[in-house]
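We did not get these values from a lab; they are worked out from the coordinates using the rules stated. Quick caveat: nothing in here was measured; it's all calculated off a predicted structure. Cβ atoms come from the backbone with ideal geometry, glycine included; neighbour counts cover every protein chain shown.
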Amino acid sequence: MMNKFPAMLLACLLVVSLFSQSGSLDSLKQALVAANQDTHKVNLLNQLSAAYRSVDPVQCRDFAQQAVRLSERLEFSRGLSRACYNLAAGYYFSGQFDSVYTMAERAVELGQESNDFILLNSAYGLMASAAFDEGDYERAVANNMKALEVAEANGDLEGVAFSSNTLGNVQWKLQNFERARYYYQQALDGFEELGNSYGMANALSNLGNVAPSDSLRMAYHLQARDMYEQMGNIYGIATMDNNIGSFFHNHQQYKKAIEYYRAALELLEGTDFKEKLVQVYTNLGSAYGEMGQLELALPWFEKAVALAEREGITSLLKDTYEYMSNAYSQKQDYANAFKYLKLFRNLQDSLFHEELALKVADSEDKIRSSEQGRELAQKELELSLQRASRNRILYISLLLILALSALALWARSRASLRKQQAELQRAEADKLRELDRIKSSFFANISHEFRTPLTLIKGPLQDMAHGRFKGDLQKYYRIMLRNSERLLNLVNQLLDLSKLEGGRMRLNLELGDAGQFIRAIAHSFESMGERKQIQYDITVSEALSQAWFDRDKLEKLLSNLLSNAFKFTAEEGWIELKADTVEQGRFLRLLVQDNGIGIPSEQLPRIFERFYSPPQPPRRERVRDGGGMGSGIGLALTKELVELHGGRIEVESKEGKGTTFTVWLPIQKDLFPANAEVNIDPADDVDAIDAIDSMDATVSIASAPKERVSTGPLKEVILVVEDNADVRQYIVGQLSSHYRVLEAAEGRTGLELASREVPGLILTDVMMPEMDGVELCRHLRAQAATSHIPIVMLTAKADRENKLEGLETGADDYLVKPFDAEELRLRVGNLLEQRRRWRERFSKEVSFRPAEVAITSVEEAFLNRVVAMVEQNMDDETFGVPELADAVGLSRSQLHRKLKALSGKSPSEVIRDMRLQRASDLLQKGAGNASEVAFMVGFNSLAYFSKCFKDAFGYPPSAVGLH
């Protein structure tokens, strides 16, 4: 099949983009009619010629010839050079290669005079394409190399791409398909970078000709056809249809081949693309012939022969003659079979002799050139002596320049080196500071992890030692045991990390039922799921019944992952554990997935770093009821254990959506590290289950408790906000016998409870999920209803910075874990006593003057608002407690509790006292009699006013002047 794609189509595309404008053919023709006989008309003619180049070669040549004649008359060299190129291109598409060389060489001469490198590149490329299509590959390569030199010398990336494409064409014809693919791919990359659609389409088509597989070949051709169709390039579309038809032809899918051949034929008939028409006619005849339909095949062959002979392009008929000879032979028409066989042989010999003659002529030219060279050699010798003298001077100058340049470069490199060293030292210092920050954060968090369980061990023990303990001994024994186990687990994790860092930890492998072991670990977490109403699904493959694994390491890493999932999954959420084999049973894959709070994307890359913990821990890193994952140990240890196995761990997470940890571990003996030890006496799984049960203190996570009220004989209300259930229970136990105690498991719930109940004092932990203690304190101080409440911070971080942060946000006192129960009771009692004394001082004052009381600026501002509201409505007898509450933005109960806490007076007493004080002032100034003044200050009954006045001041209003 004939599926040749002319290389020139690509070479001319550069000037299509340069010489043609974006306007339509119709607009160009209209402009041509109106144009004067000047250079503008020459440009229009060139644009039309370029536009018709791959559409209608006849019109392309016609417009180019007009441009040549007008340019010569106007002596417009630039227009003439481009017109010559367009005319050469028109000859190319008609298969008239001799005329191509004549006009292209003239374009080169004119381009050299004007230094038009783009035109030079295109003209050389056009001659290379013509030589390629004629089979003169030596000439094709020579012209292409000239084009490449021009393009590279002028930084013409597009020209370089065109030349790469033509070199690929030559390698294709020489059947060097690997080299051809290399050049075509270079061309495609260049055109893609430049956004040249024509070039991309042609490079794709050429890649389709040399693709290593049928699927790639078809994909390239289809992609190229789509691009030509988008550009409306008739020649390109027809060529692709012909190539796709040839693809199906080669695969004996003749009906599909004929379908594409006919599609190409419809586009080409009526155009001047005669060479391509000859190919399509021949391919149609060949397809019908191979289907055995000789009566349909021969007319297509005859059309090809007639057209080629009429157009003088009989060199294309070699394959056609051979097909016709075979067809007549099958019809037993041996006379015609012999006739076309003879034509085939003659044409084959003719092409051979033409090629031979070209080589002989080339040899003669080389001989003549050598004789002339000897004559010139003598003259060249004389000139070379003169040049040698000049060159010596030039070389010395260059050496001096080079020496100075080298000195400057050396000085510059020294400066650059010093700068790099300074930057390196700065980077190292930054790294050391970051490492120091990470270590400080780690030790602070470790301190928190140790101090919380120590509180629950030391506190009850101190009470027992001093005989002050009251409560259920068995209950507190269990609490102390659970927290001692928690401390032991933290210490073991730190020791494991130390061993891993020092390379002292080894795997202790045994062959056993890994599936049963994983189920045992997984089922130990079911009680947590039940407490938090979490849907907990466990799926373990039976393929794990025989596997090599280290029980201790597998238990630790899986328990850490499951503990993490339960910590950060809300009530009524879900957690899924899957364990199966992958890679033909060579690896165990563990998947732990939850729909919890997720991990922020900016923290994902660092969660496995040893000792990493964010400066302000997000919810996932804040530990609720034990465990070490918030300290920067758990996940780091998990990753180290996975890597000890030679496995890998990955995490995917979306904040607010959930997290998935996936672990791959080897389970075949030969896949483990060489230093792994083998245990031939495996442990019983029952022992493993017992060991896991003992971890309850470490991994057990109670669901967040609802607020709970413990009542005592006294009326003072205390709110305890603590996320650790054991610590919260311990504090409540110490205070419930003296106060009415409210409980909340985290900051947000505590804020809601404080706003609603307005307690006399708040005890809050610093590190909590949802809302931490510092943020809770900030919110309490910002609300009018709660700004006056004393706040005691409970923290395991005893450093000065954390204390200052809490005090700056309004905390009244700090209590460091582990704390003494007696110290807790004393500090709470002292703060409440201070508030009681403030109230007593207020109650002794008849007037309501906030400036005389030792209170904070927030409380003073609140009391000033109360005073202002009462003063504004002093004469309104309907203004009472409901109106005052609305005016200051509180409910009646909140206003009552707040004023009682600050002054010991109820809102109604405050309003009454201010009215009576104003009445006393007015009476002393003689502003009216008792009846008039009573109405001025909001009393509508003179008798009631007189009674209240006498109760407040000890004498009736009528006696004011006497006192």
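Brief remarks on what is shown
- Whether the range 107-166 is rounded, prolate or oblate, judged on the alpha carbon gyration tensor where a/c under 1.5 counts as rounded: oblate
- Among 925, 654, sorting on how many other beta-carbon atoms sit within 10 Å of each Cβ, with the fewest leading, yields 925, 654.
- Protection proxy ranking of 578-590, 26-38 - average other beta-carbon atoms within 10 Å, highest first: 578-590, 26-38
- Residues 313, 731, sorted so that the one with the fewest Cβ neighbours within 10 Å comes first: 313, 731
- Nonlocal amide H pairs with residue 587, under 5 Å, H built at 1.01 Å: 582, 667
- Rounded to 5, percent antiparallel among DSSP beta bridges of the range 530-588: 25 percent
- Using every pair of separate Cα atoms, the Kirkwood estimate puts the hydrodynamic radius of the range 851-963 at 14.8 angstrom.
- Take each peptide in 506-514, 825-833, 739-747, count the other Cβ atoms within 10 Å of every residue, and average; sorted highest first, the result is 739-747, 506-514, 825-833.
- The ranking of 77, 286, 129 from fewest to most other beta carbons within 10 Å of each one's beta carbon is 77, 286, 129.
- Centroid-to-centroid separation of the range 74-118 and the range 865-903 [C-alpha atoms, Å]: 99 Å
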